[in-house]
1. Determine, yes or no, whether Glu55 is surrounded by 15 or more Cβ atoms within 10 Å (Cβ to Cβ), acidic (Asp, Glu) and in a helix (DSSP H, G or I).
2. Read through the list (1) surrounded by 13 or more Cβ atoms within 10 Å (Cβ to Cβ); (2) modelled with pLDDT of 90 or more; (3) over 17 Å from the mean Cα position of the chain (by Cα), then give the number of the only condition that Arg73 fails.
3. Across segment 42-52, which residue is surrounded by the fewest Cβ atoms within 10 Å (Cβ to Cβ) among those that are in contact (Cβ under 8 Å) with a residue 12 or more places away in the chain and part of a helix (DSSP H, G or I)?
4. Scanning for something part of a loop (DSSP other than H, G, I, E, B) and either modelled with pLDDT of 85 or more or of a type outside the set (Val, Ile, Thr) (or both), does segment 94-117 turn up at least one residue?
5. Within segment 2-15, is there a residue that is under 23 Å from the mean Cα position of the chain (by Cα) and of a type in the set (A, V, I, L, M, F, W, C)?
Amino acid sequence: MINGVMETLEQIYASNLSALRKDRHLTQLELAEKLGYSDKSISKWEMGKALPPLEVAKDIAAFFGVSLDRMLRENGAKEAIESAPTGSRRRTNQITIMAMLVCFIFFGAAAIFAYDAVFGEAQHANLWIVFVWAIPISLLVCTLISYRFYHHTKPFWILLSITLWTAFIALPIHFHFLLNQEIWYVILVPIPLQIGILLGMRLK
C-alpha cells in the first residue's frame, strides 16, 4: 500500500512538473539549466521514476511560483496555470516590479539629497554621491529579483556583473569626493570576481 501511494505521488508530481514546464515553453534541457540540475534528473522526475529530494522539490516549486503542496496535488499544475498571469503578463509584471523598486531607491536618494540641502546644518557639496550609490543598489535589487524569477540564467549573470563593477566604481568615487582619499586601485578587485562569474555562467 505504501509503495502504491509513493508511485501515485511520483506520477502526480511528474504530471505537474511536465505541465508547468510546458506552460513556460521550456525544454527539459532549458529547465535543467535554469534550475542548475541535469536534464537527466528532469527526465527521471517527469517520467515518474522518482521524486526529487525535498530541498530540490522546494527549489522547483519556487521557480514556478507554486507551493510544494500544489506540486504534489492532482491537477495542481492546472490550477496554478489557470490562476496565474499569462507568460507575457508575467514578464511584464516582473519588469514592472523591478522598475518600481528602482524608482523607490532613487526617490530615497533624492529625499536624502533634498533633506540635506534644506535642513542640513553643514550641507555637503558632494552629497550627489547618493545618486551614484543608487545605481549599484538598484542593480543589486534587480539581480536578486532576476535570480528569484529566472535563477541562474544569462540575465542574472549579466546583472550580477554590472552590479559588481558599478559598486567598485562607486567606492573610489565616494572616497575621493567625500573623504579626500584615493583608492582607485580597488577597481582591480572585480577582475578575479568577474572571472568567477564567467565560470559560473558555464555551470549547468
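The values are calculated or read from the model by the stated rules, or taken from the named source; none is laboratory data. Quick caveat: nothing in here was measured; it's all calculated off a predicted structure. Don't worry about glycine lacking a Cβ; one is built from the backbone with ideal geometry, like all the others, and counts go over all protein chains shown.
1. Numbers: surrounded by 15 or more Cβ atoms within 10 Å (Cβ to Cβ): no; acidic (Asp, Glu): yes; in a helix (DSSP H, G or I): yes.
For Glu55, the condition - surrounded by 15 or more Cβ atoms within 10 Å (Cβ to Cβ), acidic (Asp, Glu) and in a helix (DSSP H, G or I) - is not met.
2. (2)
3. Among them, the one singled out is Ser43.
4. First pass over segment 94-117, keeping only residues part of a loop (DSSP other than H, G, I, E, B): none.
No, the conditions are met nowhere in segment 94-117.
5. Step one: list which residues in segment 2-15 are under 23 Å from the mean Cα position of the chain (by Cα), which gives none.
There is no residue in segment 2-15 that is under 23 Å from the mean Cα position of the chain (by Cα) and of a type in the set (A, V, I, L, M, F, W, C).
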